[in-house]
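In what follows, a structure is listed as structure tokens, so that the remarks can point back to it.
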Amino acid sequence: MDTFDLNGLEPEQAREIVTHVLRSLAETRAQRVRLENDLELWRNRVSLAARNDRADLEAEARTRVDDFELRLGSLRAEEAELVRGVDRMKRQLSDMENQPRLSVDADRLLAELELLGGERDELEEKFREEEAEALLDQLKRDMQNEQS
């Protein structure tokens, strides 16, 4: 299943998934900010080592800068994917919440109908069916008599 696809889920489940992804996005952003700060620190250290003619420290600091840049690139890509996913899920969730709910509770519906129309009278229903059958039979006989 696509992580950002909410189709087929109940709104409650969908909201939980959106909340989880939003938390992941917040954590990813916080990691990115920390990495950006670390990257800036190590870039400054590269400059410091170069100013002090410490080639050995400068080389090690550049290695750290390269590592931070690589990790930062991956983190930025992950963050962009999460942002796109959150936007997609928000649209899906909004569409989901705007759709009418199609669940039917048969017992509740029957109870409401009984409140509106009174309790079902099974004897009355049976007599109405018999009366309808008798009228139908009479109509059939009348039609046969007209055709003859």
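Mind checking which residues of region 46-60 are on the phi < 0 side of the Ramachandran plot and part of a loop (DSSP other than H, G, I, E, B)?
Just the residues of region 46-60 that are on the phi < 0 side of the Ramachandran plot, to begin with: 46-52, 54-60.
If the condition is that a residue be on the phi < 0 side of the Ramachandran plot and part of a loop (DSSP other than H, G, I, E, B), then 52, 54 are the ones that fit.
Which one of the conditions (1) farther than 30 Å from residue 62 by Cβ; (2) assigned by TED's automatic domain parsing to the domain that holds residue 70 does residue 30 fail to meet, given that it meets all the rest?
If we test residue 30 against (1) farther than 30 Å from residue 62 by Cβ; (2) assigned by TED's automatic domain parsing to the domain that holds residue 70, just (1) comes out false.
Within the group 114, 129, 146, 124, which residue is in contact with a Lys or Arg (Cβ under 9 Å, 6 or more places away or on another chain), exposed (fewer than 13 other Cβ atoms within 10 Å of the Cβ) and either in a helix (DSSP H, G or I) or modelled with pLDDT under 90 (or both)? Reasoning before the result, please.
Details: 129 fails: in contact with a Lys or Arg (Cβ under 9 Å, 6 or more places away or on another chain); 146 fails: in contact with a Lys or Arg (Cβ under 9 Å, 6 or more places away or on another chain); 124 fails: in contact with a Lys or Arg (Cβ under 9 Å, 6 or more places away or on another chain).
Residue meeting the stated conditions: 114.
Mind checking which residues of region 62-99 are within 18 Å of residue 3 (Cα to Cα) and hydroxyl-bearing (Ser, Thr, Tyr)?
Correct list: 94 only.
In region 1-19, which residues are surrounded by 13 or more Cβ atoms within 10 Å (Cβ to Cβ) and part of a helix (DSSP H, G or I)?
11, 14, 15, 17, 18
The values are calculated or read from the model by the stated rules, or taken from the named source; none is laboratory data. Everything numeric here is computed off the predicted structure, so don't read it as measured data. All Cβ positions, even for glycine, are placed from backbone atoms using ideal geometry, and neighbour counts span all protein chains on display.
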